[in-house]
1. Given Cβ point charges of +1 (Lys, Arg) and -1 (Asp, Glu) and nothing else, what value in debye, to the nearest 20, does the dipole of region 376-507 about its Cα centre take?
2. Can you bin region 642-744 into rounded, prolate or oblate? Criterion: square roots of the alpha carbon gyration tensor eigenvalues sorted a ≥ b ≥ c, rounded for a/c under 1.5, prolate for a/b above b/c, oblate for the rest.
3. Starting from the 7 Å offset along Cα-to-Cβ, what nm value, one decimal, do you get for the label separation of Y389 and A786?
4. Which aspartates and glutamates have a Cα less than 15 Å from the Cα of K374, not counting those fewer than 8 places away in the same chain?
5. I want to check the label-to-label distance for E528 and Q498. Put each point 7 Å from Cα in the C-beta direction and report it in nm to one decimal.
6. Can you work out the Karplus-derived ³J(HN,Hα) for every residue in region 263-280? Use 6.51 cos²θ - 1.76 cosθ + 1.60 with θ = phi - 60°, whole Hz, and x for glycine or proline.
7. Collect residues whose amide H, placed 1.01 Å from N in the peptide plane, falls under 5 Å from the amide H of V717; neighbours closer than 5 in sequence don't count.
8. Relative to the Cα centre, what is the charge dipole magnitude of region 331-451, using +1 at the beta carbon of each Lys and Arg, -1 at the beta carbon of each Asp and Glu, and rounding to the nearest 20 debye?
Amino acid sequence: MVPDTSAHAEVHFGATTIDTVHRAVATLRGQQISALTLVLAFIGFILLASLFLLRAHRNARRAQSYSHDESAALQAEVDRLKTLLLSEPQVLVTWAAAAEQPEILGDASIIAPGSIPERILAFGTWLEPAAAHRMEEAVDLLRSDGRGFVMTLTTRAGHPVEAEGRAIGGRAVLRLRDVSGIEQELLDLAGRHDQLLSDIDTLRTMLDSLPAPVWTRDSTGHLIFVNSAYARAVDAENPADAVARGLELLDQSTRAELARTLSAGETYVGRLPAIASGMRRIFEVVDAPTGAGSSGIAIDRTEVEVMRAELARMNEAHRRVLDQLATGVAVFDVDRKLTFYNAAFRSLFELDAGFLDQTPTDAAVLDTLRGKRKLPEEQDFRQWKQQLYEAYRSVEPKEHMWHLPDGRALRVVTTPNPEGGVTYLYDDVTERLDMHRRYDALIKVQSETLDHLAEAVAVFGSDGRVWLHNPAFQRMWKLSHEALEQHPHVEAVTAWCQAQHDDNAVWRNLRAAVTAIDSREPLAARVERRDGAVINIATMPLPDGATLVTFQDVTDTINVERALRERNEALEAADSIKIDFVHHVSYELRSPLTNIIGFANLLSDPTFGPLTQKQAEYLGYITVSTNALLALINNILDLATIDAGAMTLNLGEVDIRASMEAAAEGVQDRLVKNRITLDIRSPANIGSFTADERRLRQVLFNLLSNAVGFSPAGETVTLSAERRPEAVVFSVSDHGPGIPPDAKDKVFEWFETDSMGSQHRGPGLGLSLVRSFVELHGGRVEIESAPGHTTVTCVFPAEQAAKQTAA
């Protein structure tokens, strides 16, 4: 469109006219014209202004028409541009400089289906939270600083959207465009590219963190990448320095060998020595060809090699130790072949070493043991063996008990090996099981014994608590079963017992005996309870630190003991009275008897006149009776003297044979009267020994008198003597009725006559005197008796000095 120049001219003219009017008014004012002149001038000005306004109105109408046409043309151009913009699936959002509400162009549903245009700016409704946050920050920077951006986003529905923000003509413009088709492929490629870059960075980071040196070479064999471990191994500052300087970890010959393997398209695997960080190390090298060269890694196996050697030494040491064990050990590998056995295994089953050294299989060993009847006798041997073989598939040890036909019991433990295979442990538990059975039986016997003991028994442990007791203990001290089952401490037990016997010293000593640590001495005490019961308390320290305490009710025993003691005291007093009485009476009888004997001797003397036959006969009876009575009194006095400890021996050399013959003379008349033969036996050279000759004759006389008195008519009494290295032995044997076994100890008592088993009656003092006189000499008397034969033996010491007085 061409603008109208006449309108511009008119406007220019109006402006000139107005300037002229102003200048005129100023001139009139300067010359101080009259009022009329001013009025006329003003009217003229009004007319000119009206003319100017008319012309300006006409020009305005003309300019309005021009503006309307130009506006229509601009609107058409805007519509055409908008159509071009919206021909592509996108949404435009514009913000004016001062406007808060944006202008939104385009179909919002192509970005967020079903959304109204205003909600397109609520990014969280169609984007993930992280993407929405990025978008909000970018839009804020665009509106505030005019900072543009381009980013690719993915909606919640999975559609790719390109967001571009720019500042144009003072406006902030945001374009959201749906990218699909080729753009989607480009987006995918970009995403994969980013992912690959991320993966490469991750791999590089991971390789750089590995402790093993890693390298990559190009097709010419030059280093193009190494990690930090490689750089440290070759003493480089960093990986880039190692690559730039081409520092090699492996020597030239090794690299040449690697190059030959790689050129053949194969991967090199082997253990090689190398110097790393100034030290010689053993590396396991793996180098593989790649499309553009090769890549390799060197794993430090130095410690592994050292550990392998150490493990070999340890295994050898373990083998030596296992060979000394009493437990049989057999190790089978993953192929079920015997790789190790110890001497105990071979001797336990009596297997041949040559057979075991051929590494037989597990099945072969079992078959051999079955043939030797060294395995349990099972009905289904195959199934039993398969159950045993489950150890090769198990992860936990299993225990089996084998009862062999020969009576042995074996505890067999199958332990899976970490590297495969099974280790068998064979332990002969025959004796252990037998000990367990005997122990259980012993415990039962002990329990039954304790429960049925009349004594109260309690066992206090090393902690001072009751761990074992019997019912008698509970009954004796009136304790409850529930309280004892709680294993009370000795303090509590003694407190309960004090209710029946309040003697702090006894219970304090008992507590000390139970809880003592160093000096654990046995304790014995007696308590008398308030109810009259007398209890003996005894403690016995046990080897395990426990203490056995027994409580014995001796009430009846004490009562009987008291009664017996009182009776014994009464008997001793009576015996003392009897002895004193006999002693005094014997002395009193001896004097008149001596007078009677003297007068009888005078009467028998012919010088005092003749006697008639009858008087002489009666006088003979008197003489015999008085002599017997005098001997009895003398014996009683001797016994009383010995009992009083006043008897003295007159020691000297005594002819043995002469003493025997003198004793035989004393019983000659009784031998003739009873038609008994006396046989005296002794060696001719028996000689003499130190003794009291009178008392020895008295001993032999009493023995002969006793033997003659109990011997039937026509029998033989034997008196014999023999000399031994340390003694002289006299023995008198007869063929009387014998002495009952229960009367042997009574024949030596005073006035004992009923126990001899014969019609012979006497005072019963002969054997008492015999024993007393022999014991005064330091000897002893022995009696051997059976029906029809009795021998009394007197043993006198020959070399040592005899006793001088009675004990």
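1. Working: 13 positive and 22 negative charges, 42 e Å.
Dipole about the Cα centre, nearest 20: 200 debye.
2. Numbers: a/c = 1.70, a/b = 1.37, b/c = 1.25.
Prolate, because a/c is 1.5 or more and a/b exceeds b/c.
3. Placing both labels 7 Å beyond Cα along the Cβ direction yields 7.9 nm.
4. Qualifying aspartates and glutamates at Cα under 15 Å: E350, D352, D362, D406, D427, D428.
5. 2.2 nm
6. Running phi through 6.51 cos²θ - 1.76 cosθ + 1.60 with θ = phi - 60° gives 5, 7, x, 10, 8, 8, 9, x, 9, 10, x, 7, 9, 10, 6, x, 10, 7 Hz.
7. T677, L678, D679
8. On the way: 17 positive and 22 negative charges, 35 e Å.
My answer is approximately 180 debye.
The values are calculated or read from the model by the stated rules, or taken from the named source; none is laboratory data. This is a predicted model, so every value here is computed, not measured. We place every Cβ from the backbone using ideal geometry, glycine too, and count neighbours over all the protein chains shown. Only protein heavy atoms, including side chains, enter the accessible area calculation; ligands, DNA and RNA are left aside. Shrake-Rupley method; radii C 1.70, N 1.55, O 1.52, S 1.80 Å.
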